[in-house]
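Colleague: Please find one structure pasted underneath; my questions will follow.
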Amino acid sequence: MSNNGTKPPFLWEKLGKVFDPSRVTGRDWLREFAQAPATLIFDDFVRVYFSCRPPADATGQYVSYSAFVDLDRKDLTQVLRVAEHPILPLGELGTFDEFGTYPVSIIRHEDKVRAYYAGWTRCVSVPFNVAIGCAESTDDGATFQKLGSGPVVPYSLDEPFVMSGPKIRRFDGTWYLFYIAGKSWKIVKGRPEPVYRIRMASSRDGITWSKLGKDLINTVVEDDEAQASPDVFWADGQYHMFFCYRYSEDYRSHANGYRIGYAYSDNLQDWTRVDDRVGITVSPTGWDSEMISYPHVFRVDGQVYMAYLGNGVGREGFGLARLASHPEWAAP
Amino acid sequence: MIIRKLGKVFDPADHTLPDNCREFAQSPQALEFEDFTRVYFCTRSVDPDGKTFRSHVSFADMEKDFSSVRRVAPKTVLPAGDLGTFDEHGVFPINVIRNEGQVWGYTCGWNRRVSVAVDTAVGLVVSDDDGETFRRIGPGPILGPSLHEPFLVGDAFVIRAMGVFHMWYMFGQRWKRENDTSQPDRVYKIGHAVSQDGIGWTKEDGVQILPDRLGSDECQALPSVLHFGERYHMVFCYRDVHGFRTDPGKGYRIGYAQSDDLVTWNRDDAALGFETEPGAWDAEMQCYPHLTLSSGEPYLLYNGNAFGRYGFGAAKLSLPEC
């Protein structure tokens, strides 16, 4: 019998928006959005990968790229530099990532850096499909080469489409990939919208994956609740997942838009959702007053931080919050 | 090989098919019953826009020598896939086997794309009524793209041999345009996968098992494998990457390879001994071949001109005496 349900909530001290893509100049591929932050720690800086978009094309369609911004390790609110180029090119004609590489999750592996990213293609009956690809960097995460032109985690028997939002982790020598998988397309006001859930796969080498085949997180706001950004963090003898969720309809609004949720697990497969403990929500005013989403929790120099998105799902950038409670989380 | 051609044995225009299908009987694939042989094929309905087609699974129960048709499918054999799924826009082809008291169908599901025409993946459908109707075992595919097979996985053909399931299938390598204003054309090859249960498959991932005859852009599709005369025989179809719809010199022909161990294949198209006569139903194109035993005798089923728009034919095979 676990007593986690009675554990105190987290207390997050918001540090504000730290990166605003609209202030970046000279990069035609980076006009709006800094979505789905993911970190890689260096000696002097914290590199935050994010996904962004050039202006929409003549038909109003976007492509997405992934890139990074380096934050001063001594003061994470200070931007040192922004990537000169996207870390990955779009895919070749007809490939799964022809129209976007978003989001990306990064991990060190031996002397390389590996990226797991969602690749976007455009469909006729529904707007898009998504699968998860893999790329490696030999220059400390500045540029990446795809391991192949196809995905490493494609759609499958009971995960029929929209495999997205990868979060790569390694625990006790095993690779884990947390991601979202589409369940159905729901027609909302004449438009197909995907309904998806958080899933997991494991692997010995990070290339060949076995899917668990189970929804990890139960729904709360409605049966078709959309869940994303399953960010798993090991601390204080337990696995913790911060994720975001929203209604399936009218989700571009304050009332139905993204919020951040929380769950814990002892074995990575069975999760107990306790959103009441998450300790972070929308602000009364400002850049994160409408919605908050795409949490990523990381530890550096004895502090635990959450990077997250505000209004417009990152259209205006990402911000940081610092964990002010749970001092036991500060140690690895 | 000695080929005795039986001519076109099924014309969809002679029958009333379900799902408003009037033309096309593509990729004939056989399932033998006690006193007849069922030939599954894929036929097409026309979409409301009058321009695009949708492929449907159907069948004809035929005499064992393919001399006549007893009946055709009376109702929908496999319903359409759900919105956004890999087989939403049709199934073509389907390969059927008997397994564990059921009939299993390995489908090639089609879904339409924006920058290229389509993508495909392999699905599995199961029948509990001896192959009259099928249901999906899940909404997604059992075999789809991978690192080195980025798209167009399809055309599965499955046998059980040497203690495991073997699958030969098509995988895409690239899309390319003949010139700046052309629609993209696809290049695909034949690969091999194995499975313990027929559901979970291990691919070789990007390994082309047959050499090209028309250069690196040769398109190879629809493998079919049969054991007779103490070795394995494979037929498939191949064509040029561009111009194949209109130029008979670039269209589908039937290729052939032999193997003793299912690992090493020796391609020798001429050894099949397939010939056509000018003006015949199969003179301009030969495609979607299928090898099957009917009453213990090997037959080749295949489509002719226009990708099988007007039906399929049969030929009886025998090996030359040494």
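Colleague: Just tell me how shielded B:171-177 is by partners: mean number of partner chain Cβ atoms within 10 Å of each residue's Cβ, no decimals.
Modeller: 3
Colleague: Same structure, new question: Put +1 on the Cβ of every Lys and Arg and -1 on every Asp and Glu Cβ in region A:4-330; which of A:Gln303, A:Pro327, A:Tyr155 then has its Cα farthest towards the positive end of the dipole?
Modeller: Sorting the options by dipole projection puts first A:Tyr155.
Colleague: What does the charge add up to near A:Ser293, with Lys and Arg as +1, Asp and Glu as -1, over the other residues with Cβ less than 15 Å from its Cβ?
Modeller: So the surrounding residues net to +1.
Colleague: In whole Hz and in residue order, list the ³J(HN,Hα) couplings for region B:265-276 that follow from phi through the Karplus curve 6.51 cos²θ - 1.76 cosθ + 1.60, θ = phi - 60°; x for Gly and Pro.
Modeller: 10, 9, 7, 8, 4, 5, 5, 5, x, 7, 10, 10
Colleague: Something else about it: Amide H of A:Ser283 versus every other amide H placed in the peptide plane: which residues, excluding those fewer than 5 positions away on the same chain, fall under 5 Å?
Modeller: HN-HN under 5 Å from A:Ser283: A:Asp288, A:Ser289.
Colleague: Once amide H atoms are built 1.01 Å from N in the peptide plane, which residues 5 or more positions from A:Asp140, or in another chain, come under 5 Å H to H?
Modeller: The list, which skips near neighbours in sequence, is A:Val113.
Colleague: Right, another one. At 0.36 nm per residue, minus the direct Cα-Cα distance, what do B:Glu277 and B:Asn179 gain on full extension? Give it in nm, one decimal, please.
Modeller: Numbers: separation 98, 0.36 × 98 = 35.28 nm, distance 3.34 nm.
Full extension from B:Glu277 to B:Asn179 adds 31.9 nm.
Colleague: Return a whole-number percent for the relative contact order of chain B, with Cα pairs under 8 Å and 6 or more residues apart as the contact set.
Modeller: About 17 percent, as a whole number.
Colleague: Under a cut-off of 19 Å between alpha-carbon atoms, report the lysines in cross-link reach of B:Lys64, not counting same-chain residues fewer than 8 places apart.
Modeller: The qualifying lysines are B:Lys5, B:Lys8, B:Lys316.
Colleague: Divide by every residue of the protein assembly as shown the summed helix terms, -39500 (n - 2.57) for each DSSP H run of at least 4, and state the resulting mean residue ellipticity at 222 nm, rounded to the nearest 500 deg cm²/dmol.
Modeller: 0 deg cm²/dmol
Colleague: What is the calculated FRET efficiency for B:Arg245 to B:Leu83, with r their C-beta to C-beta distance and R₀ = 45 Å, to the nearest 0.05? Walk me through the numbers on the way to the answer.
Modeller: Details: r = 30 Å, r/R0 = 0.66.
Plugging the Cβ-Cβ distance into 1/(1 + (r/R0)^6) gives 0.90.
Colleague: Tally Lys and Arg at +1 and Asp and Glu at -1 over the other residues with C-beta under 14 Å from the C-beta of A:Ile280: what net charge comes out? Each step should come with its number before you reach the end.
Modeller: Values: positive: A:Lys14, A:Arg259, A:Arg277, A:Arg322; negative: A:Glu13, A:Asp231, A:Asp275, A:Asp276, A:Asp288.
Result for the local shell: -1.
Colleague: Another question about this same structure. Let me have the relative contact order for region A:4-330, percent, based on Cα pairs under 8 Å that are six or more residues apart.
Modeller: Relative contact order of region A:4-330: 16 percent.
Colleague: Moving to a separate point now. So how far, in whole Å, is the C-alpha centre of region B:95-131 from the one of region A:286-310?
Modeller: What the calculation gives is 45 Å, centre to centre.
Colleague: Here is a further query. Would you mind ranking A:Thr174, B:Thr276 by Cβ crowding within 10 Å, fewest neighbours first?
Modeller: In increasing order of surrounding Cβ atoms, one gets A:Thr174, B:Thr276.
Colleague: With a Förster radius of 51 Å, plug the Cβ-Cβ distance of B:Arg231 and B:Arg71 into 1/(1 + (r/R0)^6) and report the FRET value to the nearest 0.05.
Modeller: Calculated transfer efficiency: 0.90.
Colleague: Could I have the simple spin-label model distance between A:Arg73 and A:Glu110, label points 7 Å from Cα toward Cβ, reported in nm to one decimal?
Modeller: Using points 7 Å along Cα→Cβ, the separation is 2.5 nm.
Colleague: In whole angstrom, note down how far apart the Cα centers of region B:28-92 and region A:47-61 are.
Modeller: Value for the Cα centre distance between the two parts: 44 Å.
Colleague: Go through region B:109-178 and name the trypsin sites (Lys or Arg not before Pro) that are in a DSSP coil and have 10 or fewer other Cβ atoms within 10 Å of their Cβ.
Modeller: Here no trypsin sites (Lys or Arg not before Pro) fit, given the DSSP loop and packing criteria.
Colleague: A further question on this structure: Report relative contact order for region B:177-322 in percent, whole number only (criteria: Cα-Cα under 8 Å, sequence separation at least 6).
Modeller: Rounded, it is 16 percent for region B:177-322.
Colleague: Kindly state, to the nearest 0.05, the FRET efficiency for A:Tyr247 paired with B:Glu100, given R0 = 56 Å and r defined as their beta-carbon distance.
Modeller: 0.80
Colleague: Something else about it: Could you give the length gained by full extension between B:Thr264 and B:Asp130, i.e. 0.36 nm per residue of separation minus their alpha carbon distance, to one decimal place?
Modeller: 44.8 nm
Colleague: Please compare each pair in B:Lys51/B:Lys75; A:Lys167/A:Lys214; A:Lys17/A:Lys74; A:Lys146/B:Lys250; A:Lys146/A:Lys211 to a cut-off of 28 Å on the Cα-Cα distance and tell me which ones are over it.
Modeller: Cα-Cα > 28 Å for A:Lys146/B:Lys250; rest within.
Colleague: Which net charge results for the neighbourhood of A:Ile187, defined as the other residues with beta-carbon distances under 11 angstrom from its beta-carbon, given Lys and Arg at +1 and Asp and Glu at -1? Write down the numbers at each step before the final one.
Modeller: Details: positive: A:Lys186, A:Lys189, A:Arg191; negative: A:Glu193, A:Glu249.
With Lys, Arg at +1 and Asp, Glu at -1, the neighbours total +1.
Colleague: Compute the separation of the alpha-carbon centres of region A:188-228 and region B:154-190 and state it in Å as a whole number.
Modeller: 29
Colleague: What longest range of chain A stays clear of loop-exposed GluC sites (Glu not before Pro) (DSSP non-H/G/I/E/B, at most 11 other C-beta within 10 angstrom)?
Modeller: Answer - A:111-332.
Colleague: Can you tell me which aspartates and glutamates have their Cα less than 13 Å from the Cα of B:Lys189? Leave out same-chain residues fewer than eight positions away.
Modeller: Counting by Cα, and skipping residues close in sequence, B:Lys189 has these aspartates and glutamates nearby: B:Glu149, B:Asp155, B:Glu204, B:Asp205, B:Asp212, B:Asp217, B:Glu218, B:Asp240.
Colleague: Cut-off 19 Å, label point 7 angstrom out along Cα-to-Cβ of A:Leu93: give me the residues of region B:151-178 whose amide nitrogen falls inside.
Modeller: Within reach of a label on A:Leu93: B:151-153, B:171-178.
Only the coordinates and a few stated rules stand behind these numbers; no lab work does. What you are looking at is a predicted structure, and each value in this text was computed from that prediction instead of being measured. Reconstructed Cβ throughout: ideal geometry from the backbone, glycine too, with neighbour counts over all protein chains shown.
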